[in-house]
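Here is the structure we will look at.
Taken together, the values in this text are just the output of simple stated rules run on the coordinates, not laboratory data. None of these values were measured; they are calculated from a predicted model.
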Amino acid sequence: MKELKGKHTQCIHEGQLEDTQFGGAISPIYMATSYPFLEVEEKRYPRYFNTPNQEVVASKVAALENAESALPFSSGMAAITTSLFAFLESGDHVVFQNEIYGGSHHMIVEEFSKYGIEYSFTKGLSVNDFEKEIKKNTKVIYIETPSNPLLNITDIKAIATIAKKHGIVSMIDNTFASPLNQTPLDFGIDLSIHSATKYLSGHSDISAGIVAGNKEVVDKVMHTGRSFGGNLSDFMCFLLERSIKTLGVRIEKHNENAQFIAEKLATNSLIKKVYYPGLTSHKNHQLAKEQMHGFGGMLSFDLNDSLEAKTFQKKLKMIRPSMSLAGVESTIIQPSLTSHALLSAEERLVQGISDNLLRLSVGLENKEDILEDILQALNN
Ligand SMILES: *Cc1c(COP(=O)(O)O)cnc(C)c1O
């Protein structure tokens with residue numbers, strides 16, 4: 001097939017396996033864990049990330065990320081830890097963005113010191129905040145944008161540029177945007193990482209992770225990954241391939257629905273503040289416009305002090321107060337009770353996370369129904 005250009009086309013066709021036996025329209029599932037070794041160019045094995053179904057997912061996501069190569073992992077955290085440990089050894093230092101996924105933060109704080117790896121968290125998200133933390137032994141710089149839960153935006157190009165200037169590997173957690181809304185390699189980032197449990201899967205039923213980048217960088221992650229063993233099973237690869245076929249249409253609808261809800265909530269007197277990069281009132285709207293193809297399906301809002309977050313959530317009829325995000329169904333969480341529960345109330349306030357902050361993962365239901373559910377819970 002000639003090179004595929006359109007993102008929706010890539011979602012559907014890129015990397016698909018031919019069913020040479022029966023001519024079926026979809027990739028067959030190859031569950032084998034045993035392949036030949038005599039006179040073969042490449043010995044296949046699931047933990048080597050080179051089985052047929054693993055290669056389908058890898059080439060699809062690589063195409064979507066404008067990358068040369070990708071690897072499917074069994075979770076987002078497997079992708080994140082393997083990527084970091086591939087480039088780090090005892091005595092090295094990493095600069096992390098201060099606002100990152102809770103699980104990543106926990107892993108860094110719990111595990112890094114065991115291996116003699118140093119790290120700093122930035123004080124803010126400006127380029128200067130990152131550059132200030134770079135030391136002689138800094139080997140990796142790690143960002144996450146839009147961030148959780150306040151949807152703050154980091155300047156991807158500026159960070160990639162300072163990383164290159166200092167000869168540091170740059171990594172991004174691209175989960176919130178999805179490859180349809182943000183392609184960080186275009187700005188010079190070395191590795192784009194996803195919890196594929198979220199938008200890439202999109203149906204709240206697959207645990208997976210993805211790493212995408214240029215071949216040399218991804219090969220290094222693969223080398224470490226073959227020892228760490230966080231590969232995705234072939235059956236899950238099949239399901240993930242199936243999910244990604246609709247990623248293009250899903251993301252378009254997530255973007256549309258979230259923009260609609262954000263605009264409606266922004267003018268509601270029972271809502272104190274809405275955080276969504278697609279609102280012109282968002283402090284980094286211009287930057288988001290420059291580096292994102294769409295603003296995504298995640299938004300957060302502060303309820304007025306007259307309302308109580310728990311009571312509000314219990315009144316919701318359709319939107320589910322539920323962990324995780326990015327499913328076809330709308331879900332909501334209260335960060336003070338979940339991702340940021342381990343911080344003190346004061347620490348949370350410093351980060352701008354009030355007890356009345358709610359993070360909404362806007363699903364694919366009719367947008368009027370999503371709005372209606374929020375309004376009835378606000379007003380009753
Ligand atoms: C969920 C999530 C992760 C971790 O992924 P798992 O699949 O749960 O291991 C990492 N980063 C972000 C932004 C996430 O939302």
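So what does log10 I(q)/I(0) come out to for region 169-295 at q = 0.13, 0.16, 0.22 Å⁻¹, using the Debye formula with one equal point on every Cα and no solvent? Cα-only, vacuum Debye calculation for region 169-295: -0.65, -0.90, -1.32.
In terms of its alpha-carbon gyration tensor, the chain comes out oblate; a/c meets the 1.5 threshold, while b/c is at least as large as a/b. Computed from Cα positions, the angle between helix 247-266 and the longest principal axis of the chain comes to roughly 10 degrees. For the chain, the longest principal axis of the Cα atoms and the long axis of helix 102-111 meet at an angle of about 60 degrees. Of all lysines in the structure, the ones whose alpha carbon falls short of 22 Å from that of Lys135, not counting any fewer than 8 places away in one chain, are Lys114, Lys123, Lys157, Lys164, Lys165.
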